[in-house]
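Engineer: What follows is a structure written as structure tokens; I'll ask about it next.
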Amino acid sequence: MEKITAVLVGAGDRGLNAYGNYAKNHPEEIQFVGVAELDDEKREKFKEVHDISDDMAFKDAKEMLSKERLADAVFICTNEKYHYEPAKLAMDKGYHILLEKPITIEPETSLEIGDMARDYDKTFMLGYVLRYTPFFYNLKKLIDEGKIGEVRSIQYTENVGVEHYSHSFVRGVFAKEAEAGPMLLSKSCHDMDIINWLMDGEVKEVSSYASESWFKEENAPADVPDRCTDGCPVSDECHFYAPRMYFRDNPGFSTSVISVEQTKEAKMEALRNGPFGRCVYKCDNDVVDEQVINFEFDNGVTVAFTMNGYTSACDRRVKIMGTEGELRGHFGKNEIKIDEFLTGNTETYDISTVQGRHGGGDYYLASDFVKMVRDQSGDNRTAVKNATMSHIMAFAAEKSRKEDTKINIEEYKDFLRK
């Protein structure tokens, strides 16, 4: 079959790595022919890797998307704050669209784009990679097959991991609500979507509680400088001392995104002058570091969700209680266990996956998007028109937290649409 062509808006981590890597590894399926990126270094890097011509490399996304359609599809991977305009322009030009999550960082515009997507005649998917992981796909399959009978309650925990939290939500681009939306949206809208996907019902009410981040100047050790690289007196004692944190063996994805070039010199320069070299107690972050949410669904099922930044692991764990058994899932281990009430037996499912981040979700999402664009043969599992409820859940939880009240979802949706 003929490969599809695509343009990219925003050559950050997701564009350069997740989707860029898929295109590099599957040139017979997809080719990037254009890029729009404000940062000169990132734009040039993406242009070089994908052999994009000078006249198809833009600094301004609006300039690129205002032209007659340049490809079959567009991948919108900008910061969350800048999703709204590119998404609308892409729909105006008739592109197939893969939009990074969340839809936008405001409830009203998220609903607006979701409503528009219902009548859009092209593929319009959201980057909800968890639905495409073999782990969550198999977990839902086991529930739908009735392996634990009727679901009665769910306990779901997202362990953000203290390193990921400090990197992304203290020093990084998701640290301020005005730039990336509330923590629950920027980090856990995936999980709101999974909860909604697993349930055979509609969420009715939500209540939520949370605390502000520990990483504030009043909690800083005495006499520490603004930057770790400026002679920190507690460098040997602080887990978050940037030169050690970002130069350990196998530190994870965080090191790969602090600089475009991956040399030691480039990374150290990034720590001296960029956001990731700042003392964690002297940043301008304002998002919460832990949050507890209770959901009640119209079928009587209750869900307790916890997001916490103070964990050693960065993973997700879920326990689902049914009328005939209990399911325990560990996303980090790709393992699901079911305890059967009748027999007392425990059945273990070891879920195989592919290489890559997000438990293989990046790979399967990109693959399904290509199939949908090419011949509508994919699942279209994360169609934007079906994704707005996860955003409503997140925004309603934030409203509950800030106003210290329980939120009725139908009343909240009516309020947003006025």
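Engineer: Which condition breaks for Asp55 when tested against (1) under 18 Å from the mean Cα position of the chain (by Cα); (2) more than 27 Å from Thr388 (Cα to Cα)?
Structural biologist: Here Asp55 meets the rest and fails (1).
Engineer: When the range 81-90 is examined, which residues are found to be surrounded by 21 or more Cβ atoms within 10 Å (Cβ to Cβ) and in a helix (DSSP H, G or I)?
Structural biologist: Residues of the range 81-90 surrounded by 21 or more Cβ atoms within 10 Å (Cβ to Cβ): 83, 86-87, 90.
Matches in the range 81-90: Pro86, Ala87, Ala90.
Engineer: I'm checking my understanding of the structure. Among residues of the range 118-130 that are outside any strand (DSSP E or B) and open to solvent by less than 10 Å² (accessible area, probe 1.4 Å), which one is farthest from Arg316 (Cα to Cα)? Outline the logic, then answer.
Structural biologist: Kept after step one, since they are outside any strand (DSSP E or B), are these residues of the range 118-130: 118-123, 127-130.
Those still in the list that are open to solvent by less than 10 Å² (accessible area, probe 1.4 Å) too: 123, 127-130.
Details: Thr123: 29, Gly127: 18, Tyr128: 15, Val129: 14, Leu130: 11 Å.
Applying the filter and picking the extreme gives Thr123.
Engineer: Let me confirm something: among Thr133, Thr109, Thr157, which residue is polar (S, T, N, Q) and open to solvent by less than 10 Å² (accessible area, probe 1.4 Å)?
Structural biologist: On the way: Thr109 fails: open to solvent by less than 10 Å² (accessible area, probe 1.4 Å); Thr157 fails: open to solvent by less than 10 Å² (accessible area, probe 1.4 Å).
Exactly one residue qualifies, and that residue is Thr133.
Engineer: Is there a residue in the range 339-349 that is in contact (Cβ under 8 Å) with a residue 40 or more places away in the chain, assigned to a loop (DSSP other than H, G, I, E, B) and open to solvent by 70 Å² or more (accessible area, probe 1.4 Å)?
Structural biologist: No, because not a single residue in the range 339-349 is in contact (Cβ under 8 Å) with a residue 40 or more places away in the chain, assigned to a loop (DSSP other than H, G, I, E, B) and open to solvent by 70 Å² or more (accessible area, probe 1.4 Å).
Engineer: Let me ask something else. Check Lys93, Lys88 and return the single one that is in contact (Cβ under 8 Å) with a residue 12 or more places away in the chain, over 22 Å from Val129 (Cβ atoms) and under 22 Å from the mean Cα position of the chain (by Cα).
Structural biologist: On inspection, the qualifying residue turns out to be Lys88.
Engineer: Taking the range 379-418 as the search range and keeping residues that are assigned to a loop (DSSP other than H, G, I, E, B) and either of a type in the set (Ser, Thr, Tyr) or out of contact with any strand residue (DSSP E or B) (no Cβ under 9 Å at 6 or more places or on another chain) (or both), which one is least open to solvent (accessible area, probe 1.4 Å)? Step through it out loud before you land on a result.
Structural biologist: Initially, the range 379-418 is screened for residues assigned to a loop (DSSP other than H, G, I, E, B), giving 379-382, 387, 404-406, 418.
So of that shortlist, the ones also either of a type in the set (Ser, Thr, Tyr) or out of contact with any strand residue (DSSP E or B) (no Cβ under 9 Å at 6 or more places or on another chain) (or both) come out as 379, 382, 405, 418.
Details: Asp379: 96, Thr382: 4, Thr405: 60, Lys418: 197 Å².
Among those that are assigned to a loop (DSSP other than H, G, I, E, B) and either of a type in the set (Ser, Thr, Tyr) or out of contact with any strand residue (DSSP E or B) (no Cβ under 9 Å at 6 or more places or on another chain) (or both), it is Thr382.
Engineer: A further question on this structure: Condition first: basic (Lys, Arg) and either in contact (Cβ under 8 Å) with a residue 40 or more places away in the chain or over 21 Å from Asp226 (Cα atoms) (or both). Now tell me which residues in the range 260-275 satisfy that. Can you show your working first?
Structural biologist: In the first step, residues of the range 260-275 are kept if they are basic (Lys, Arg); the result is 264, 267, 272.
Hits for the range 260-275 are Lys264, Arg272.
The values are calculated or read from the model by the stated rules, or taken from the named source; none is laboratory data. This one's a predicted model, so the numbers in the text were calculated from it and none came from an experiment. Heads up, the Cβs are rebuilt from the backbone with ideal geometry, glycines too, and the neighbour counts pull from every protein chain shown. Each accessible area value is taken on the protein alone, full model and side chains, heavy atoms only, with ligands, DNA and RNA left out. Shrake-Rupley method; radii C 1.70, N 1.55, O 1.52, S 1.80 Å.
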